[in-house]
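These notes are about the structure you will find just below.
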Amino acid sequence: MALPWKLHGNGRDVKASEIVLPEERLSWPRTIGFGAQHVVAMFGATFLVPLLTGFSPSTTLLFSGIGTLLFLLITKNRLPSYLGSSFAFIAPITAAVASDGKSVALGGVLIVGVLLAIVGIVVTLSGTGWINAVMPPIVAGTVVALIGFNLAPAAKGNFEKSPFVAVITLLAIILITVLFKGMIGRLSIVLGVAIGYLVAVLLGQVDFAAVEKAPWVGLPEFITPSFDFSHLPIYLMFLPVVLALIAENVGHVKGVGQLTGRSLDPLTGRALFADGLSTVISAIGGGSPTTTYGENIGVMAATRVFSTAAYWVAGIVAILLGLSPKVGAVIFTIPPGVLGGVTTALYGLIGIIGVRIWVENKVDFSKPKNQLTAGIALIIAIADFTISAGRASFSGIILGTVAALVIYHLMNALGRLRGTDDRSATERATEAATVLRK
């Protein structure tokens, strides 16, 4: 059976002005190299979520790989994406695990996955018009940006654990990107990580004890979800996460569309359904919930390689790592300083992709509704505002996304009612000056 990708040029040389489209690929050695970058990009965050919530990192890695391959199949290899652990679930999972255990928490995750899959089916049948109306460029760009900037504390935490190694890693990525053209320049992320890792080894910051003890092949820990109506308050605490996942998926579709110069909106329903189904499967096996990963958008923005073949490589590698404690232990030795350096670059690139959505859609920031939509939502996400209601707690991406949606549509509706919706700050100033002259 023929593979679905056509070779880009000769598969080796790519001009700096060119991009490798989703349906294209480079030579397989180069494709494997780019797949390795995506593994590195998702690694820190994908492992961080289970470590914070008490789930098994190996199980999470296994199901993130399976989910990624499922996502690529459902979106017909037209939407490059890696499905890694979702940060939006951290607060409800942590609360649920602390009070009722992992099985109950997985029940909440499964419910969210089912709801997201249903939304995906609705979008596929009804079209994306209503989503575009609900999430215009100012809202979509804000959501993409706040997802990246909300991750800044995670990058900062790792960075501060070993500033020297982090700086070396970050500097290596920057210098390789600037000084080298072609494939070397495009592999700046994985090469920067390799350099930072080597420095960390020389400084004695890498502990290989776990690698020696780990077996080469083994199954990860599996836990099944449980359901009980007595846990209804816990399940309700998970529901707002659906909104964040919709925003993340829509933001991913729009972000990749901006970077590739094509409209991918028709794939939005498939993306939502695929992410929901992946989350359901992961929850059934005891893994962390999944979402489209902005970290990997950052890699694509830096390399300009959007080939879904590279994501197949990343997904397969993730599955193998999940089934090989030995190999997983080796990758898990990547020290915090290296992760801090690389995520500082990647999370920043995610935020800038949101800004790019604003710029390329010519969002008018002289209008108060756009100013306040972006400004308030970003502050809420960056500062990681938290609101608690009983046993439920909502923060970061969820609150920032809700703020962006509510502020924009409230000001838009009231502006239309008052007849002031389309007036920019300059126009209002001109009107005020006219009144004063009279």
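No lab work stands behind these numbers, since they all come straight from the coordinates. Just so it is clear, the model here is predicted, and its values are computed rather than measured. FYI the Cβ positions are ideal-geometry reconstructions off the backbone, even for glycines, and counts take in every protein chain you see.
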Using Cα centres only, tell me the gap between the range 219-259 and the range 261-279 in whole Å.
15
Once fully extended, how much extra length lies between Lys326 and Glu360, figured as 0.36 nm per residue of separation less the alpha-carbon to alpha-carbon distance?
7.7 nm
Percentage of Cα-Cα pair distances in the range 18-363 greater than 39 Å, rounded to whole percent?
9
State the extension gain, in nm to one decimal, for the chain segment bounded by Val122 and Ser388, taking 0.36 nm per residue of separation less the distance between their alpha-carbons.
92.6 nm
Simple spin-label model, 7 Å along Cα-to-Cβ: Leu236 to Ile174 in nm?
5.0
Label point distance in nm, Phe208-Ile32, each placed 7 Å from Cα along Cα→Cβ
2.2
From fewest to most C-beta neighbours within 10 Å, the residues His8, His409, His38 line up as His409, His8, His38
Summed residue charge, Cβ within 13 Å of Arg25's Cβ, Lys/Arg positive, Asp/Glu negative
+1
Cβ neighbours within 10 Å, averaged per peptide: list 73-80, 200-207 in order, most packed at the top.
73-80, 200-207
Quick one: length gained pulling Ala98 to Leu7 fully straight, 0.36 nm per residue minus the C-alpha distance?
27.7 nm
For Ser263 and Val217, what does the FRET efficiency come to when R0 = 30 Å and r is the distance between their Cβ atoms, rounded to the nearest 0.05?
0.10
Within the range 136-169, find all residues whose amide N lies under 20 Å from a label point positioned 7 Å from the Cα of Ile379 along Cα-to-beta-carbon.
138-153
Hey, with R₀ at 30 Å, roughly what FRET efficiency would Leu414 and Ser226 work out to, going by the Cβ-Cβ distance, to 0.05?
0.10
